[in-house]
Structure formats: C-alpha cells, structure tokens
Amino acid sequence: MPELPEVETIVRGLQAVLPGKRIMGVRLGITDFIEDPSALEEQLPGRRISSVRRYGKFLVFDLDSLSGDSRRLALLIHLGMTGQLLTCKPEAPIAAHTHAYFALDDGSEMRYRDIRRFGSIRILAEGAPSGVLSPLGPLGLDPLEATEEEFRAGINGRHARIKALLLDQRVLRGMGNIYTDESLWHAKIHPTRLGAKLSARELHGLYVAMRRVLSQAIRFRGSSISDYVDSKGTPGKFQQRHCVYGRKGKKCPRCAAMIRRETVAGRSSYFCPKCQRAPKKTRKARRKH
C-alpha cells in the first residue's frame with residue numbers, strides 16, 4: 001500500500017502540473033470504489049484546481065467555486081493498495097484497470113488506475129479544511145509536521161505495542177508497515193515494546209529516526225515493491241535502501257544477525273533480534289515455546 005512517502009511523491013509531481021488547470025470532463029469505467037459517481041460527472045467539470053496536497057495517505061484536490069455555485073469542493077482520493085494516479089496526453093495508451101479519466105483544459109488528462117480497486121474517490125461537498133477531514137473520522141498528527149513534544153505525548157503512557165501505535169492513523173496519519181519497521185530498526189526498538197515502557201531517550205531516537213527515514217524515502221521517490229509508480233509512471237528507488245523490511249533471512253546491515261519476520265499488531269514485521277531486543281516476557285515465552 002502506498003504510504004506517506006509514496007503519496008507525498010505523487011502529490012509533489014501533481015503540484016508541478018495541476019494547480020490552475022480546469023477540469024473539463026470526467027469519464028468513468030468501473031465505479032464500485034467511488035462514493036457517488038454521478039457527483040463526479042456533474043459537479044467537477046468547469047472547476048479549476050487551486051491546489052493539490054497530502055493529508056495522511058489521502059490526496060486532496062482543492063477546487064475553486066463556479067459561477068452561480070459558491071461551494072468550494074474538494075476531490076479526495078485514496079490509492080488503496082494498488083492505486084495509481086498519472087497525468088498524460090489523451091492519446092497515450094490506456095493501461096488495463098484504468099477506471100477514471102479527468103480531462104483538463106490544457107489538453108492533458110489525469111487517469112486513475114487500480115487493479116484491486118481497494119482505493120476510493122469522493123467529493124467533499126463543503127471543501128477540505130486544513131485540519132481534520134470530518135468524513136474521514138479523527139486522524140492523528142502528520143509525522144513530518146509533529147513536534148517532538150507532540151510525538152511523545154501521542155506515545156507516552158499508551159499500553160499498546162509501539163508497532164501498533166505507529167500504524168494507528170489516529171495517532172500518526174500516513175505511517176505504514178514499511179516505514180514503521182524501518183524507523184524501529186534505526187531506533188533499535190523492538191516492535192513489541194509497549195509505548196508506555198519507552199524511555200525519553202528511546203522516544204527521542206524514534207522521533208529522529210522516523211523523520212529521517214520518511215525524508216530519505218521521499219528523496220528517493222518512495223518504495224516500489226508492487227504496483228507503486230509516481231505521477232509520471234516512474235518507480236521509486238527507496239526499496240533498494242531498506243534495512244529490514246522484506247529482508248527475512250538476510251544479514252542485518254548493522255550487526256550481521258539474521259533478520260526475522262513475525263506477525264505483530266496483525267502485520268508482518270521485520271526486525272533484527274540482536275539490535276532490537278525483545279521485551280523480557282517475550283524472550284521468556286519464545287524460549288519456553
């Protein structure tokens with residue numbers, strides 16, 4: 001699933017070409033992942049895209065109002081697991097599983113492709129506020145915007161595994177499995193540690209590691225493990241720099257121990273058993289088993 005760095009990479013690509021352009025028409029194929037297909041076809045044409053931004057793992061397209069319609073709508077897109085959002089010329093070959101086409105006034109086209117259709121497209125009728133998007137429910141802090149104090153407040157005192165806390169979108173919006181595992185490895189914290197048990201020094205190290213990992217991933221334009229490509233159809237390169245994710249049985253880059261994979265918080269988790277020491281109870285249970 002595209003995570004914060006992948007969505008941010010796509011947003012930055014779209015920010016370079018979309019603001020100021022007007023949507024001239026909408027053409028849809030399969031629509032079972034679209035909340036109200038007729039609303040897209042009826043309400044989007046004629047509206048100008050004022051900005052493109054990321055909110056967690058969502059892409060938000062802010063749209064200007066129309067003459068006679070003072071509403072400032074927003075188009076909200078989530079890429080799900082296999083969603084792709086590309087800009088191209090209308091005569092460009094159409095890839096299989098392309099389900100939505102947005103014709104623009106400069107003659108170009110934005111296309112949404114999704115093999116598994118776990119993504120979503122919807123219109124926010126009253127626009128998208130800069131804070132919490134109410135139709136999405138409460139979402140937490142952005143990892144790249146949160147201060148260290150805010151980060152610590154969201155983790156401190158929580159009797160849940162740190163892996164689960166980092167993945168909880170109500171705590172940190174945009175974090176996903178890849179960058180959670182990479183951040184915990186850099187911070188030398190086992191994924192089953194409880195948030196309440198982490199020291200101030202460990203929380204500081206995790207905050208620094210998380211921001212560094214996310215920033216580096218954005219610089220290398222995300223991780224292309226399955227279907228992810230940027231807005232021009234180009235794969236990312238950060239997967240070449242993963243230290244633990246997807247590297248079960250390979251040597252830890254730091255200590256040469258073998259990387260392990262276990263299920264933590266319902267997700268596959270990769271970690272180094274030597275660098276990231278498990279809590280005592282976990283180690284005792286593993287030895288007994």
| Pair list, Cβ < 6 Å and 6+ apart or interchain, from the stretch 84-97 residues that are assigned by TED's automatic domain parsing to the domain that holds Arg113 to residues that are at pLDDT 95 or above and aliphatic (A, V, I, L, M) | Gln84/Val229; Leu85/Ile10; Thr87/Val17; Thr87/Met110; His97/Ile115
| message | Are there strands (runs of 3 or more DSSP E) fully within the stretch 33-127 with at least 1 residues that are within 18 Å of Val11 (Cα to Cα) and among the charged types (D, E, K, R)? List them. | response | 49-55, 58-63, 109-114, 120-124
| request: Tell me which residues, restricted to the stretch 13-38, are buried (at least 16 other Cβ atoms within 10 Å of the Cβ) and closer than 26 Å to Arg173 by Cβ. | output: Gly13, Leu14, Val17, Leu18, Phe33, Ile34
| Out of Ile115, Ile77, Ile162, Ile94, which single residue is touching a Ser or Thr at 6+ places or on another chain (Cβ under 6 Å), β-branched (Val, Ile, Thr) and at pLDDT 95 or above? | Ile115
| query | How do the pairs read when you match residues in the stretch 7-27 that are within 13 Å of Arg53 (Cβ to Cβ) with residues anywhere that are among the aromatic types (Phe, Trp, Tyr) and surrounded by fewer than 23 Cβ atoms within 10 Å (Cβ to Cβ), using Cβ under 8 Å and keeping only pairs 6 or more apart or on different chains? | reply | Val7/Phe58
| Pair list, Cβ < 9 Å and 6+ apart or interchain, from the stretch 159-173 residues that are within 14 Å of Pro279 (Cα to Cα) to residues that are of a type outside the set (Val, Ile, Thr) and assigned to a strand (DSSP E or B) | His159/Leu194; Ala160/Leu194; Arg161/Leu194; Ile162/Leu194; Lys163/Arg267; Lys163/Ser269
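Yes/no per residue for (1) part of a loop (DSSP other than H, G, I, E, B); (2) over 30 Å from Tyr112 (Cα atoms); (3) charged (D, E, K, R):
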site: Tyr179; (1), (2), (3): no, no, no
site: Gly205; (1), (2), (3): no, yes, no
site: Ala217; (1), (2), (3): no, no, no
site: Tyr228; (1), (2), (3): yes, no, no
site: Thr263; (1), (2), (3): no, yes, no
| request: Any residue in the stretch 136-157 that's within 20 Å of Tyr55 (Cα to Cα) and modelled with pLDDT of 95 or more: show its pairings with residues that are surrounded by fewer than 18 Cβ atoms within 10 Å (Cβ to Cβ) and of a type outside the set (Asp, Glu) at Cβ separation under 8 Å, as long as the two are six or more apart or on different chains. | output: Pro143/Arg211; Leu144/Arg211; Leu144/Ser215; Glu148/His204
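For (1) surrounded by 14 or more Cβ atoms within 10 Å (Cβ to Cβ); (2) at pLDDT 95 or above; (3) under 19 Å from Leu167 (Cα atoms), each residue gets a yes or a no:
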position	(1), (2), (3)
Pro235	yes, yes, no
His242	yes, yes, yes
Gly246	yes, yes, yes
Val264	yes, yes, yes
Pro279	yes, no, no
Arg283	no, no, no
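The values are calculated or read from the model by the stated rules, or taken from the named source; none is laboratory data. Everything quoted here is computed from the prediction, not taken from an experiment. Note that each Cβ is placed from the backbone with ideal geometry, even for glycine, and that neighbours are counted across all protein chains shown.
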